[in-house]
Structures are given as C-alpha cells and as structure tokens.
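Take a look at the structure set out below.
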Amino acid sequence: MTAVLPNRIPNDSFRYRDTDPRERLIIALDVSTAAAAQKIVAAVGDSALTFKVGMQLYTAVGPQIVRDLVASGRRVFLDLKYHDIPNTVGAAVAEAEKLGVSMLTIHAAGSTKMIRAAVEAAKVRPDLMVLAVTVLTSMGGQDLETIGLHGGLEGSVVRLATLAVSNGCQGIVTSAREASAVRTKLGDQFAIVTPGVRPAGSSVGDQVRVVTPAEAIAAGASHIVVGRPITEAADPAAEARNILSQIRG
C-alpha cells in the first residue's frame, strides 16, 4: 500500500520511460581542478545533460565552477550533503539556489526541522530539487550497527526516505538495492537518485552496495550517478552512450 505523504510535490516528470535517457544520467565530476572538470564535460559533449559537483571539486575550486557549468547550459547536481542546524542549512540552500543549480543534497538524518528549512529555502525556484541522502552507498548493515542505528539497512533507508518525502523533499538518494522497497512503500511521485552505479565488469572502488545501470532503473531509480567508468574512460562520450543504451533498455 502506498503511504499518504503530505507536502509531496506530484510530478510526472519522474517517470522517464518514454523520454530521453540523458534526463536520467548524472556524471560525477570527482576531480580537483576546474580544468579537469571542464575537460570531462567537453569530452562527454551532448551525451549527458547533468553533472555532479561534489565536495572534492567544490572545496578545491569553489562556486565558480558551478556558475561556469550553468552558464554553458549544463545542469548541476550540487552534492554537498548539507547537515547542520536548520538556519544554517536553509541559508546554504538559498545560496545554492542563487548559483542556479538544478539539484542539491541534504542529509535526511538532519530530521524534520532541518529538512523543512531546506525545502522552504528552495521554494523561491520550484524547479530546484532538494534530495535527501538516506544511507551512504559505502555503508553496510554492520556500519549502521556501529553508529547505533538498528533495524537493518533497508528499514533505515525506508524510514529516512519517508521522513524526507513527507516533509517536502522532491526526492532521495539511496542505493538501487533499496530503491524497490522505497517505491513499494512510498510510490513513484518523487525522484530516486542512485550513486554506486557501475557497468558490468567495472571496479567497484570504495562502494559497497553497487548495481549496474539497468539494475538501478529496474529497481525504480529515476536518475543514476556514474563517475569513474565514464570520466576515466578512453572515450568518455562513447562510454556515456553505452550507459545510455543500458538505461534505455
């Protein structure tokens, strides 16, 4: 049974079965210079629309890289995972909105007041998607036990997803391994962004809960984040197109 979620923003654009698969692919710019990031963007060309700027790149070069990407017509997924007191997070989201980002992340573990502060700050631009991180894809069940979170991995993801979506987030971030359970519980009127996606045969790196692009989409992901398999490929554009073909099915 689908849960009733107050403050949810219904949006059929999260159903991508018949749209351009580039709408579903996010390429992670996990590099330390603006030049390296721009080289990747140029190499990918029109094989992708959205690029993730995370803590590494943002810390190294600051917000100008975001401005430059937006000015060039690219969409930016700002993945800084805000987690602080509500006032601080709300202020940070307001600044991110001014940069023109399309998507940004907060931690669902910040709980109700913090989530609502982020969502409220983003309302000035309705197309800005606030996504709540549930459980990092580098973590397993034992990691949750270590920090005192009980009830299992899937249960923790569903609980945090429910908290996020019921308080106005337009989506969540979780492994595709838990995406199906989240869809079963909460329905399909929100985005699920899945990192830890690797084409078959790729190195998993420091990820624990890894799936292929096709598996992520089948599990209910609306977007997938792919980094090194594309950015370190001899031909990033060709590898992106390969992944698009897997998304398209």
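Structural remarks
- Added length on full extension, which subtracts the Cα-Cα distance from 0.36 nm per residue, S111 to R228: 38.9 nm
- Solvent-accessible area per residue, Å², over the chain with all protein chains present [probe radius 1.4 Å]: 44
- The string of couplings for the range 182-195 from the Karplus curve (6.51, -1.76, 1.60, θ = phi - 60°) is 5, 4, 4, 7, 10, x, 10, 8, 7, 7, 10, 9, 10, x Hz, one whole number per residue in order, with x for Gly and Pro.
- Residue with peak Gaussian network fluctuation, the chain [Cα springs, cutoff 10 Å], from T88, T162, T137: T88
- Amide H contacts under 5 Å for D79, placed H, 5+ residues apart: V53, G54
- Backbone geometry of the range 77-90 corresponds, through the Karplus equation with coefficients 6.51, -1.76 and 1.60 at θ = phi - 60°, to 3J(HN,Hα) couplings of 9, 8, 9, 9, 6, 4, 7, 7, 5, x, 4, 5, 5, x Hz, x marking Gly and Pro.
- Pairwise FRET efficiency - D188 versus R248, Cβ, R0 = 25 Å, nearest 0.05: 0.85
- Cβ-derived FRET efficiency at R0 25 Å, A237 paired with T19, nearest 0.05: 0.80
- Label-point separation in nm, D68 to A91, each point 7 Å along Cα→Cβ: 2.8
- Per-residue ³J(HN,Hα) for the range 230-243, Karplus 6.51 cos²θ - 1.76 cosθ + 1.60, θ = phi - 60°, Hz, x for Gly and Pro: 8, 5, 9, 6, 4, 10, x, 5, 5, 5, 4, 5, 4, 5
- Set of aspartates and glutamates with alpha-carbon distance to K81 below 20 Å, sequence-local pairs under 8 removed: D30, E95, E97, E120, D127, D143, E178, D206
- For the chain, the fraction of 1.4 Å probe accessible surface lying on carbon and sulfur atoms is 53 percent.
- In the elastic network of the chain, a GNM with C-alpha springs shorter than 10 Å, the most mobile of P21, P236, P126 is P126.
- Here the extension length gained between A60 and V124 equals 20.2 nm, from 0.36 nm per residue of separation less the Cα-Cα distance.
The values are calculated or read from the model by the stated rules, or taken from the named source; none is laboratory data. These numbers were taken from a predicted model, which means no experiment stands behind them. When we count neighbours, we look across all protein chains shown, and the Cβ atoms used for this are built from the backbone with ideal geometry, even at glycine. These area figures cover heavy atoms from the full protein model, side chains too; ligands, DNA and RNA do not enter into them. Shrake-Rupley method; radii C 1.70, N 1.55, O 1.52, S 1.80 Å.
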